[in-house]
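Worksheet for the structure shown next.
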Amino acid sequence: AQSVTQLDSQVPVFEEAPVELRCNYSSSVSVYLFWYVQYPNQGLQLLLKYLSGSTLVKGINGFEAEFNKSQTSFHLRKPSVHISDTAEYFCAVSKAAGNKLTFGGGTRVLVKP
Amino acid sequence: EAGVAQSPRYKIIEKRQSVAFWCNPISGHATLYWYQQILGQGPKLLIQFQNNGVVDDSQLPKDRFSAERLKGVDSTLKIQPAKLEDSAVYLCASSPPGTAPGELFFGEGSRLTVL
């Protein structure tokens, strides 16, 4: 079975500063990797995904993530955050040959002015 | 296009009472999921439907939870009787045919408080 660990439960950051959210996964088979964002009182929204190919993937709202197979990581980054990026971010994994999505515990990002 | 619709948004009940949540997925989405999100945790899959058949219900507490998807469209998740630990947000999601596993469209959720 696969599992996902998000190493930081909360990340405070000042507006226009960079942010990195860490995600590590474990799986014995090939996986697809995802980052979802949940704004206050809203459902989850897909931010970006890694299925295959280039290990650097770009998503919506200026976010990007890099898949590192040797370190089993999929860290999310944004070079300059906005107040509107305040939200909870979830890393998730599914087997490439399966269809079950497993989420990490989430990282709450609070952007301060 | 209209998103995944869920109701009610909020529900407060006493323990041992019953509750039902409704979900209407995006039109044309064959796969429907129910997730449970306990405060401070990531969502956990309860049940997955493909059209009106169950694909995965391995984490559904079947002694108290039930779900159905009649006619392969709307779905209902029921809890009877509720326990304190069932307090959570219940998220419904759907996905269209041909998408990669994990590409889901979520509703806003139904927040359940059990007192």
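Residues of the stretch A:51-76 being part of a strand (DSSP E or B) and either of a type in the set (A, V, I, L, M) or within 11 Å of the chain's Cα centre (by Cα) (or both), which ones? A:Leu56, A:Val57, A:Glu64, A:Ala65, A:Glu66, A:Phe67, A:Ser73, A:Phe74, A:His75, A:Leu76, listed by residue number.
Of everything in the stretch A:20-50 that is outside any strand (DSSP E or B) and modelled with pLDDT of 90 or more, the residue that is nearest to B:Arg111 (Cα to Cα) is A:Tyr39.
Any residue at all in the stretch B:37-55 that is closer than 26 Å to A:Val37 by Cα, away from chain A (no Cβ under 11 Å) and not in a strand (DSSP E or B)? There is no residue in the stretch B:37-55 that is closer than 26 Å to A:Val37 by Cα, away from chain A (no Cβ under 11 Å) and not in a strand (DSSP E or B).
Scanning the stretch A:92-113 for residues that are in a loop (DSSP other than H, G, I, E, B), buried (at least 18 other Cβ atoms within 10 Å of the Cβ) and of a type in the set (Gly, Ala, Ser) gives A:Gly104, A:Gly106.
Taken over the stretch B:53-71, residues that are surrounded by 15 or more Cβ atoms within 10 Å (Cβ to Cβ) and among the small types (Gly, Ala, Ser) amount to 2. Please work out if B:Gly98 is loosely packed, with under 14 Cβ neighbours inside 10 Å and within 12 Å of chain A (Cβ to nearest Cβ). Here the answer is no, as B:Gly98 does not meet what is asked. If you go through the stretch A:77-91, how many residues are in contact with a strand residue (DSSP E or B) (Cβ under 7 Å, 6 or more places away or on another chain) and either outside any strand (DSSP E or B) or at pLDDT below 95 (or both)? Matching residues across the stretch A:77-91 total 5.
Selection of the stretch B:61-115 for residues being among the basic types (Lys, Arg) and without any contact (Cβ under 8 Å) to a residue 12 or more places away in the chain yields only B:Lys62.
Every listed requirement among (1) under 10 Å from the mean Cα position of the chain (by Cα); (2) surrounded by fewer than 20 Cβ atoms within 10 Å (Cβ to Cβ); (3) more than 14 Å from chain B (Cβ to nearest Cβ) is met by A:Pro79 save one, (1). B:Asp63 falls short on exactly one of the conditions (1) within 11 Å of the chain's Cα centre (by Cα); (2) more than 9 Å from chain A (Cβ to nearest Cβ), and that condition is (1).
The values are calculated or read from the model by the stated rules, or taken from the named source; none is laboratory data. No experiment lies behind these values; they were computed from the predicted model shown. Note that each Cβ is placed from the backbone with ideal geometry, even for glycine, and that neighbours are counted across all protein chains shown.
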